[in-house]
Amino acid sequence: MPTIGFIGLGKMGSPMARLLVAAGHRVLGFDLSEEALTQLAEAGGAAVHSASEAAVADVVILMLPDSNVVTAVLRDTDVVSALAPDSVVVDMSSSEPLRTRELATELAERGVHLVDAPVSGGVRGAEAGKLTIMVGGDGETVDRVEPVLALLGRTVRCGDVGAGHAVKALNNLMSATHLWVTSEAMIAGERFGLDPEVMLSVFNGSSGRSGSTENKWPNFILPGGYDSGFGLRLMLKDMRIATDLARAVNVEPALGDGAVELWSRAAEDLEPAADHTEVARWIASASPTPDN
Ligand code: NAD
């Protein structure tokens with residue numbers, strides 16, 4: 001079984017790394033957070049204290065916040081020297097497709113392969129090994145990492161390197177736009193006197209259905225937990241990646257830009273660690289009831 005380096009043991013990376021350990025892989029995990037390292041060690045993984053110590057593995061998985069962090073890690077000279085020729089770096093973060101392609105070219109000069117494999121399915125999907133994994137890369141390299149990825153979820157081959165990151169960002173632009181308009185509709189309906197459960201039941205059998213009506217509103221918003229585990233700022237990052245991508249191929253993202261503007265306003269008001277489902281509460285508070 002290949003040794004796995006796992007860099008980025010946050011809300012997603014931590015349960016993913018634990019699943020790989022449980023399947024019998026030797027996992028060399030690194031994160032800036034000591035707590036995350038302790039948790040990995042408790043689960044049977046090998047906590048290491050630098051990215052370069054994780055980079056010596058056969059397969060090096062990254063589950064980091066964004067392309068800035070991914071680029072900093074992959075251009076770190078210690079990491080570059082630690083990466084073995086013919087090893088595979090799998091960037092499972094939601095990164096920027098054009099920057100992913102640049103990194104793939106840089107790594108290829110050293111004989112290292114890069115595959116992008118961002119995910120959807122959230123923290124619950126990560127814990128259950130039921131993520132949807134959007135894979136970009138050449139077929140032969142993807143074949144090599146497929147057995148590892150299969151432990152984390154269902155893979156969908158999207159095309160060459162960067163294709164996974166592109167489709168992931170586009171998905172999240174759609175998801176964020178759905179969540180915003182669903183929240184407006186739910187709040188308006190409630191104020192009109194409709195029962196939220198009844199509304200969701202109707203929407204879920206009708207054309208207004210989306211991940212927001214099937215999952216986010218019933219599981220994280222209506223119960224009042226606002227605890228999906230996916231940060232608002234990470235969602236906004238993905239939306240910007242998607243609108244930039246659209247512009248790069250000469251598509252005007254008119255609604256997408258509007259959604260970015262609305263989500264940016266919420267992000268300015270809410271605390272940095274706010275969950276993305278908090279936008280529903282923010283929309284309600286930004287729309288006081290007529291008698292207030
Ligand atoms: P997170 O903030 O919980 O985790 C990121 C981790 O990276 C943190 O533990 C942080 O300490 C670590 N880190 C940052 N810089 C580092 C560095 N230089 N070296 C080592 N570790 C470093 O974020 P998350 O929610 O786990 O998301 C990770 C990625 O997955 C993001 O790109 C996000 O957009 C994407 N994603 C998240 C979800 C979700 O539901 N949370 C779903 C799909 C995709």
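Condition first: crowded, with 17+ Cβ neighbours inside 10 Å and without any contact (Cβ under 8 Å) to a residue 40 or more places away in the chain. Now tell me which residues in region 132-156 satisfy that.
Those that are crowded, with 17+ Cβ neighbours inside 10 Å and without any contact (Cβ under 8 Å) to a residue 40 or more places away in the chain: M134, V135, G136, G137, V142, G153, T155.
Looking at region 238-261, which of its residues are aliphatic (A, V, I, L, M) and either open to solvent by 50 Å² or more (accessible area, probe 1.4 Å) or not in a helix (DSSP H, G or I) (or both)? Working first, answer last.
At the first step, the residues of region 238-261 found to be aliphatic (A, V, I, L, M) are 239, 241-242, 245-246, 248-249, 251, 254-255, 259-260.
Passing the criteria: A248, V249, V251, A254, L255.
Collect the residues in region 81-96 that are of a type outside the set (G, A, S), open to solvent by 10 Å² or more (accessible area, probe 1.4 Å) and under 23 Å from M235 (Cβ atoms), keeping them in residue-number order.
Result: E96, single match.
Determine which single condition G45 fails, assuming it passes every other condition in (1) in contact (Cβ under 8 Å) with a residue 60 or more places away in the chain; (2) closer than 20 Å to P147 by Cα; (3) in contact with a Gly (Cβ under 6 Å, 6 or more places away or on another chain).
Against the list (1) in contact (Cβ under 8 Å) with a residue 60 or more places away in the chain; (2) closer than 20 Å to P147 by Cα; (3) in contact with a Gly (Cβ under 6 Å, 6 or more places away or on another chain), G45 comes up short only on (1).
Among all residue pairs at least 6 apart or on different chains, which show Cβ distances below 6 Å where the first residue, located in region 86-100, is assigned by TED's automatic domain parsing to the domain that holds M12 and the second is more than 12 Å from the ligand (Cβ to nearest atom) and of a type in the set (D, E)?
S87/D58
May I ask you to say which residue of E127, E184, E197 is acidic (D, E), within 14 Å of the ligand (Cβ to nearest atom) and in a helix (DSSP H, G or I)? I'd like the intermediate steps shown before the answer.
Working: E184 fails: within 14 Å of the ligand (Cβ to nearest atom); E197 fails: within 14 Å of the ligand (Cβ to nearest atom).
Exactly one of E127, E184, E197 is acidic (D, E), within 14 Å of the ligand (Cβ to nearest atom) and in a helix (DSSP H, G or I), namely E127.
Could you please let me know if P118 is within 14 Å of the ligand (Cβ to nearest atom), open to solvent by less than 30 Å² (accessible area, probe 1.4 Å) and more than 21 Å from S14 (Cβ to Cβ)?
Working: within 14 Å of the ligand (Cβ to nearest atom): yes; open to solvent by less than 30 Å² (accessible area, probe 1.4 Å): yes; more than 21 Å from S14 (Cβ to Cβ): no.
No.
Pick out the one residue from L20, L37, L32, L28 that is touching a residue at least 40 places away in the same chain (Cβ under 8 Å) and either of a type in the set (V, I, T) or in the same structural domain as P97 (by TED's automatic domain parsing) (or both).
Result of the check over L20, L37, L32, L28: L20.
Quick check: is even one residue across region 66-80 within 12 Å of the ligand (Cβ to nearest atom), surrounded by fewer than 21 Cβ atoms within 10 Å (Cβ to Cβ) and outside any helix (DSSP H, G or I)?
Yes; the residues of region 66-80 include at least one that is within 12 Å of the ligand (Cβ to nearest atom), surrounded by fewer than 21 Cβ atoms within 10 Å (Cβ to Cβ) and outside any helix (DSSP H, G or I).
Counting just the residues of region 157-167 that are open to solvent by 40 Å² or more (accessible area, probe 1.4 Å) and more than 14 Å from the chain's Cα centre (by Cα), which one comes out nearest to D238 (Cα to Cα)? Give the steps one after another, and end with the answer.
Going residue by residue through region 157-167, those that are open to solvent by 40 Å² or more (accessible area, probe 1.4 Å) are 157-158, 160, 167.
With more than 14 Å from the chain's Cα centre (by Cα) added as a condition, the list becomes 157-158, 160.
Details: R157: 20, C158: 18, D160: 20 Å.
Applying the filter and picking the extreme gives C158.
The values are calculated or read from the model by the stated rules, or taken from the named source; none is laboratory data. The structure displayed is predicted, hence computed values, not measured ones. So basically every Cβ, Gly included, is an ideal-geometry build from the backbone, and we count neighbours across all protein chains shown. Ligands, DNA and RNA are stripped out before the accessible areas are found, and what is left, the full protein with its side chains, is counted by its heavy atoms. Shrake-Rupley method; radii C 1.70, N 1.55, O 1.52, S 1.80 Å.
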